[in-house]
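Since the structure comes first, as structure tokens, the remarks are kept for the end.
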There are 2 protein chains.
Amino acid sequence: MTTAAIDVQAYNEKRSSLISQDRALRVDHVRAANHTALEKKADEVIRRIRDVEAKTVWGVKHDGVPNAFPGMEFLTGKQIVLKTKLFQLLSKMPKGAVLHAHFDLATNCRIILDNALKHSLIHVRVPRALDVITIEYTVPQVQPMHRDYVSSASSINETVPDGSWISLTKARETFPSELGGKDGFDKWMIRCMSINPSEAYGTHNNNIKIWVKFREAARVIQSMVHYVPIWRATVQQFLLELVADGISYVEVRINFHRRFMYSIDGEENVPHREWLKMFDEELSAFKRNQAEHGRSHDFFGVKIIYTMIRNISPEEMKWYMDDCITLKQEFPHLITGFDLVGDENIFNPLIYYIEPLLGFKKRLEELKLDIPFLFHAGETCGDGSHADVNLYDAILLGTKRIGHGFSLVKHPKLMEICRERGIALEVCPISNEILRLTASMPMHPLPILLNNGVPVALSSDDPALFGNMGLTFDFFQVVAASEITGLITLGELARDSITYSMLNESDKKTVTENWEKRWKAYLEELISLPI
Amino acid sequence: MTTAAIDVQAYNEKRSSLISQDRALRVDHVRAANHTALEKKADEVIRRIRDVEAKTVWGVKHDGVPNAFPGMEFLTGKQIVLKTKLFQLLSKMPKGAVLHAHFDLATNCRIILDNALKHSLIHVRVPRALDVITIEYTVPQVQPMHRDYVSSASSINETVPDGSWISLTKARETFPSELGGKDGFDKWMIRCMSINPSEAYGTHNNNIKIWVKFREAARVIQSMVHYVPIWRATVQQFLLELVADGISYVEVRINFHRRFMYSIDGEENVPHREWLKMFDEELSAFKRNQAEHGRSHDFFGVKIIYTMIRNISPEEMKWYMDDCITLKQEFPHLITGFDLVGDENIFNPLIYYIEPLLGFKKRLEELKLDIPFLFHAGETCGDGSHADVNLYDAILLGTKRIGHGFSLVKHPKLMEICRERGIALEVCPISNEILRLTASMPMHPLPILLNNGVPVALSSDDPALFGNMGLTFDFFQVVAASEITGLITLGELARDSITYSMLNESDKKTVTENWEKRWKAYLEELISLPI
């Protein structure tokens, strides 16, 4: 060898060593010794497909999508994603647990609308008459009316003068033909229940404004879901969608802000314990059905994180804490955590509730009840803002996981604490992007978390609004936007979603063992693909 | 006190301590003991103005800017920034050194055009006839022609059939009236020499596409600047703009890719040593002028980082390294570093040049010459891509600073090395945003660097294309987008821009002492403002 060649060889050795040191904390490096030959081979398959499609799919022209790239804005790129082999293969992957989803906003909004159209008590009205202009910015109010309510309106625009209501089905049937008739009605409703690209990337393109649209759409959906028959149907739909996407277990957040939902007769008198009872019944029915089809190993079940919006007074918060304790006592197998939600940038920070939160912890100790905090925190681009500072409080209050924790990467000490204490982050890539914390997946801080050894579980947040049903879309974005992360990494994240769940050790073992079996079968299918 | 109050007090103590630990590595915390009462008071003034303007300026409606917020997209927000008191005050701040700017792309492009219009040998032609449609996407070729050249074209569109040229001044005078005449010509030229909002945030809105526009505009500008009289004028302009913005010292990158520039007679025969000779003469003239006006303390001078584009073969690279050594031997006071530039995502990575780079280091040792590497690296959203991996090579090759290092925040080990070895990052906030690495300043990873104790100097990169002349705009974006960073932080970054320059210790001391004097005067002015 020439001197130059020797120099280069010595250099390359130092280089490999430095790269290894730098990646030493990554979950896929820490557990590298465990990875089987099968996992490595399947990982190669996925990498090969990703590399090919970077050119054949993302490198070619697409009508209406001028700037396509892997990991691009989800709402614009979704139709391209759906065409990829990578997506198709990931959709079959067993994905572990969903640890961050808001129940009432978690299912396909088209199906929520279809369900609502089955019930004549669901009514609607508009604040101004709809025409080809106003329909673009008018959002309806939706509400189940009492069974005795008699509507005077024969079309949606007749609700305007006196604020009366019209049943959703009638509004649809009589929707003005110049607005597209029934199809036009459906399109308008879906637009009001979800976020579209021109809102996320145009009219509402910043983190403050997009939340306005978010709340607007959430209100329409929740007005439908908080009606007993739709609530029940939504539980079924939720479970169907998750199981179809290869998910084994769920910890879902339910927002208990509204104290009563609407009964089948349209009376606003159904208390929280009934919500859980119905949830439990639907869950049992679903599991029975799974068992009858010989699939009881695939799906372990659902637990519920009690959730309240962070826009009330500390006094009111105490009521909800008491309510949470009462529900835990009645449904110990269901309630598995407590959380506060809502746009952290404008609502109250955790420190605002410090007295009730400390009181709640004490009370739980006295009662020997286990309702861990699973706080949303740091869902922000702020640096030292209230939303960012919530991370300190979430951790000091002993949160077991962090919802989003988008700004955690700014905090070296907090990342160290999360790593050492095993506080996992519930990372929701597509949610973060649509809510304009990151412009696209390549800008997302996930690689920083991974490289710092912070435990991570990927999640979907609000698929009704975002269109990312299941976990496949989020897994896709993560693996498309990195050259380090591969299938092995996704597998470790799926494992960790079970490990960092609130299940007890024995249940974790059961769920993990079932997952490992499905994982092996999945890998075998992958490597047997014709290339 | 009640038990609850005691609990809250104990909690708040733990909280303060955790926040301090988390911020312990920040330059403004490390040096907290040094900060004078004057600095703290002035810092408060700036924070107060920032808070007020967050509401009075950023919280109100602006025509044509629907989604305004502090730290927003620079090209859209610039006109709002210019109206703020915060900008006005920061413009007077002494800012230390500019450590990352590309000379030929660093000055006001309007003035470059005006200079070009003074010279009849500068010619222009277009690849297709300009009309109201084609003008939108047609970029001219510009070139100094030989003094004997006789143009046959009497207007710019007459250059199309035979590829002949027309002098820039004549093209302007005869510019079609339906395209706006002279004004239309100027607007078109400026658009071709810079990046506008509809390109950065619309047609070219991703990191790959915006580089296409970047290279196009850079080519037009460089064709003007590489003409002896304009080169000389540009040195003067460069120094004027920086001194006006309170800058004490500059390490500027000059791109030596083109082996010859055009002589005053339009002959392409002026070699690199002449470029430096002219630069040196203009610099001396400028400094004499400064001294005559009693301002010699304010501006220390300029050194040059030899720069080559990373799109050539390793063999060709050796020619440029020899050239760099020859220039260093003739201009030891000017040449202060070596770097490779160009879009890292598509051009060659450092490892491609590993043999010549290792050879260059050896040769410098033998010759006892000091030309440190000051590499661009990690100017990317990639995770494990060539551009991202460049960071390992830059560091292993002993780079003294890193240009951009945008993706460094993904690398815990590399951040530790930078902190321990004092490898500063030249962070260019506005450049990163316009080149679509980050959608806006609140998403920029700068706080991660600061919180990890990585040394940072802020810089402007390519003001001709971005419109961020001086450093005030970049300082503004940084301080507007954080609630932790304040004037004290900006002061420390200014100090560090001198500390991490390539000046020898004695010169650093001189520049720092002068800066400290100006800083104190600036602070005193700030605190004496009527509130």
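Return yes or no: is residue B:94 more than 26 Å from residue B:221 (Cβ to Cβ), in contact with a helix residue (DSSP H, G or I) (Cβ under 6 Å, 6 or more places away or on another chain) and away from chain A (no Cβ under 14 Å)? Lay out the reasoning, then the answer.
On the way: more than 26 Å from residue B:221 (Cβ to Cβ): yes; in contact with a helix residue (DSSP H, G or I) (Cβ under 6 Å, 6 or more places away or on another chain): yes; away from chain A (no Cβ under 14 Å): yes.
The answer is yes for residue B:94.
Taking the residues in the stretch A:466-487 that are hydrophobic (A, V, I, L, M, F, W, C) and within 14 Å of the chain's Cα centre (by Cα) as candidates, determine which candidate is farthest from residue A:113 (Cα to Cα).
Step one: filter the stretch A:466-487 for residues hydrophobic (A, V, I, L, M, F, W, C), giving A:466, A:469, A:471, A:473, A:475-476, A:478-481, A:484, A:487.
Imposing the further condition that a residue be within 14 Å of the chain's Cα centre (by Cα) reduces the set to A:466, A:469, A:471, A:473, A:475.
Details: A:466: 15, A:469: 16, A:471: 22, A:473: 22, A:475: 27 Å.
So the residue we want is A:475.
Within the stretch B:238-254, is even one residue part of a loop (DSSP other than H, G, I, E, B) and on the phi > 0 side of the Ramachandran plot?
yes
What residue, among those in the stretch B:394-415 that are surrounded by fewer than 24 Cβ atoms within 10 Å (Cβ to Cβ) and more than 10 Å from chain A (Cβ to nearest Cβ), is farthest from residue A:14 (Cα to Cα)?
B:400
Looking only at the stretch B:488-521, count every residue that is under 30 Å from residue A:382 (Cα atoms) and within 21 Å of the chain's Cα centre (by Cα) and tell me the total.
The number of residues fulfilling the criteria is 12.
Quick check on my filter: what residues within the stretch B:1-12 are in a helix (DSSP H, G or I) and more than 7 Å from chain A (Cβ to nearest Cβ)? If you could, list the steps in order and put the result at the bottom.
Start the filter on the stretch B:1-12 by keeping residues that are in a helix (DSSP H, G or I), which leaves B:3-12.
Hits for the stretch B:1-12 are B:3, B:5, B:6, B:9, B:10, B:12.
Taking the condition of being farther than 17 Å from residue A:307 by Cβ, within 14 Å of chain B (Cβ to nearest Cβ) and either surrounded by fewer than 20 Cβ atoms within 10 Å (Cβ to Cβ) or not β-branched (Val, Ile, Thr) (or both), how many residues in the stretch A:354-374 meet it?
Total meeting the criteria: 8.
Among what's in the stretch A:158-210 and is among the aliphatic types (A, V, I, L, M) and within 14 Å of chain B (Cβ to nearest Cβ), pick the residue that is surrounded by the fewest Cβ atoms within 10 Å (Cβ to Cβ).
Within the stretch A:158-210, the first condition is being among the aliphatic types (A, V, I, L, M), and the residues that meet it are A:160, A:166, A:168, A:171, A:179, A:189-190, A:193, A:195, A:200, A:208, A:210.
Pick out the ones that are also within 14 Å of chain B (Cβ to nearest Cβ) and you get A:200, A:208, A:210.
Values: A:200: 23, A:208: 13, A:210: 22.
Here the answer is A:208.
How about the stretch A:1-23: which of its residues are over 17 Å from residue B:353 (Cα atoms) and either in contact with a strand residue (DSSP E or B) (Cβ under 6 Å, 6 or more places away or on another chain) or surrounded by 14 or more Cβ atoms within 10 Å (Cβ to Cβ) (or both)?
Listed by number, the residues that qualify are A:18, A:19, A:21, A:22, A:23.
I'd like the residue in the stretch A:110-153 that is among the polar types (S, T, N, Q) and surrounded by 13 or more Cβ atoms within 10 Å (Cβ to Cβ) and, out of all such residues, is farthest from residue A:215 (Cα to Cα). Can you show your working first?
Narrowing the stretch A:110-153 to residues among the polar types (S, T, N, Q): A:115, A:120, A:134, A:138, A:141, A:143, A:151-152.
With surrounded by 13 or more Cβ atoms within 10 Å (Cβ to Cβ) added as a condition, the list becomes A:115, A:120, A:134, A:138, A:141, A:143, A:151.
On the way: A:115: 21, A:120: 25, A:134: 20, A:138: 14, A:141: 13, A:143: 16, A:151: 28 Å.
That would be A:151.
Could you say whether any residue in the stretch B:284-307 is touching a Leu at 6+ places or on another chain (Cβ under 7 Å), free of Cβ contacts under 8 Å to residues at least 60 places away in the same chain, within 30 Å of residue B:522 (Cα to Cα) and assigned to a helix (DSSP H, G or I)?
Yes, the conditions are met somewhere in the stretch B:284-307.
If a residue has to be touching a residue at least 40 places away in the same chain (Cβ under 8 Å) and more than 14 Å from chain A (Cβ to nearest Cβ) to count, how many in the stretch B:46-83 make the cut?
Qualifying residue count, the stretch B:46-83: 7.
So which residues in the stretch A:466-485 are of a type in the set (Gly, Ala, Ser) and either in contact with a Cys (Cβ under 7 Å, 6 or more places away or on another chain) or surrounded by fewer than 23 Cβ atoms within 10 Å (Cβ to Cβ) (or both), if there are any at all? Explain how you work it out, then say what you get.
Within the stretch A:466-485, the subset of a type in the set (Gly, Ala, Ser) is A:467, A:470, A:480-482.
Matches in the stretch A:466-485: A:467, A:470.
Taking helices (runs of 4 or more DSSP H) that do not extend beyond the stretch B:97-210, which have at least 2 residues that are within 25 Å of the chain's Cα centre (by Cα), under 29 Å from residue B:238 (Cα atoms) and in contact (Cβ under 8 Å) with a residue 60 or more places away in the chain?
Values: elements: B:109-116, B:168-173, B:181-193.
Result: B:109-116, B:181-193.
Out of the stretch A:327-380, which residues are part of a loop (DSSP other than H, G, I, E, B), of a type in the set (Val, Ile, Thr) and farther than 17 Å from residue A:503 by Cα? So that I can check it myself, show each step before the final result.
First pass over the stretch A:327-380, keeping only residues part of a loop (DSSP other than H, G, I, E, B): A:331-334, A:342-349, A:368-372, A:378-380.
From what's left, of a type in the set (Val, Ile, Thr): A:346, A:371, A:380.
A:346, A:380 - these are the residues of the stretch A:327-380 that are part of a loop (DSSP other than H, G, I, E, B), of a type in the set (Val, Ile, Thr) and farther than 17 Å from residue A:503 by Cα.
Within the stretch B:125-182, restricting attention to residues that are touching a strand residue (DSSP E or B) at 6+ places or on another chain (Cβ under 8 Å) and of a type in the set (Gly, Ala, Ser), which residue is farthest from residue B:223 (Cα to Cα)?
Step by step, filter the stretch B:125-182, then rank; the result is B:154.
Is there a residue being surrounded by 20 or more Cβ atoms within 10 Å (Cβ to Cβ) and basic (Lys, Arg) anywhere in the stretch B:222-240?
No, the stretch B:222-240 contains no residue that is surrounded by 20 or more Cβ atoms within 10 Å (Cβ to Cβ) and basic (Lys, Arg).
For the stretch B:13-23, state whether one or more residues are in contact (Cβ under 8 Å) with a residue 12 or more places away in the chain, assigned to a helix (DSSP H, G or I) and over 24 Å from the mean Cα position of the chain (by Cα). Steps first, answer last, please.
Let us first name the residues in the stretch B:13-23 that are in contact (Cβ under 8 Å) with a residue 12 or more places away in the chain, namely B:22-23.
In the following step, the residues that additionally are assigned to a helix (DSSP H, G or I) were identified as B:22.
Now restrict to residues that are over 24 Å from the mean Cα position of the chain (by Cα): B:22.
Yes: one or more hits.
Residue by residue, here is whether (1) in contact with a Leu (Cβ under 6 Å, 6 or more places away or on another chain); (2) more than 14 Å from chain A (Cβ to nearest Cβ); (3) within 28 Å of residue A:482 (Cβ to Cβ) holds:
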{"site": "B:316", "(1), (2), (3)": "no, yes, no"}
{"site": "B:331", "(1), (2), (3)": "yes, yes, no"}
{"site": "B:338", "(1), (2), (3)": "no, yes, no"}
{"site": "B:348", "(1), (2), (3)": "no, yes, yes"}
{"site": "B:352", "(1), (2), (3)": "no, no, yes"}
{"site": "B:376", "(1), (2), (3)": "no, yes, yes"}
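Consider the stretch A:36-50. How many of its residues are surrounded by fewer than 18 Cβ atoms within 10 Å (Cβ to Cβ) and either under 15 Å from residue A:451 (Cβ atoms) or touching a helix residue (DSSP H, G or I) at 6+ places or on another chain (Cβ under 6 Å) (or both)?
So in the stretch A:36-50, the residues surrounded by fewer than 18 Cβ atoms within 10 Å (Cβ to Cβ) come out as A:36-38, A:40-41, A:44, A:47-48.
Those still in the list that are either under 15 Å from residue A:451 (Cβ atoms) or touching a helix residue (DSSP H, G or I) at 6+ places or on another chain (Cβ under 6 Å) (or both) too: A:38, A:41.
Count: 2.
For the stretch B:33-86, what are the residues that are among the small types (Gly, Ala, Ser) and at negative phi? Reasoning before the result, please.
In the first step, residues of the stretch B:33-86 are kept if they are among the small types (Gly, Ala, Ser); the result is B:33, B:37, B:42, B:54, B:59, B:64, B:68, B:71, B:77.
Across the stretch B:33-86, the qualifying residues are B:33, B:37, B:42, B:54, B:59, B:68, B:77.
Which one of the conditions (1) modelled with pLDDT of 95 or more; (2) farther than 16 Å from residue B:226 by Cβ does residue B:151 fail to meet, given that it meets all the rest?
For residue B:151, the exception is condition (1).
Identify the single condition in (1) within 17 Å of the chain's Cα centre (by Cα); (2) surrounded by fewer than 22 Cβ atoms within 10 Å (Cβ to Cβ); (3) of a type in the set (Gly, Ala, Ser) that residue A:284 does not satisfy, given that it satisfies every other one.
Failed condition: (1).
From the list B:447, B:463, B:429, which residue is within 14 Å of chain A (Cβ to nearest Cβ), crowded, with 24+ Cβ neighbours inside 10 Å and within 12 Å of the chain's Cα centre (by Cα)? Steps first, please.
Numbers: B:447 fails: within 12 Å of the chain's Cα centre (by Cα); B:463 fails: within 14 Å of chain A (Cβ to nearest Cβ).
On inspection, the qualifying residue turns out to be B:429.
The values are calculated or read from the model by the stated rules, or taken from the named source; none is laboratory data. Since the structure is predicted, the reported quantities are computational estimates derived from the model, not experimental observations. Backbone-built Cβ (ideal geometry, glycine too); neighbour counts: all protein chains shown.
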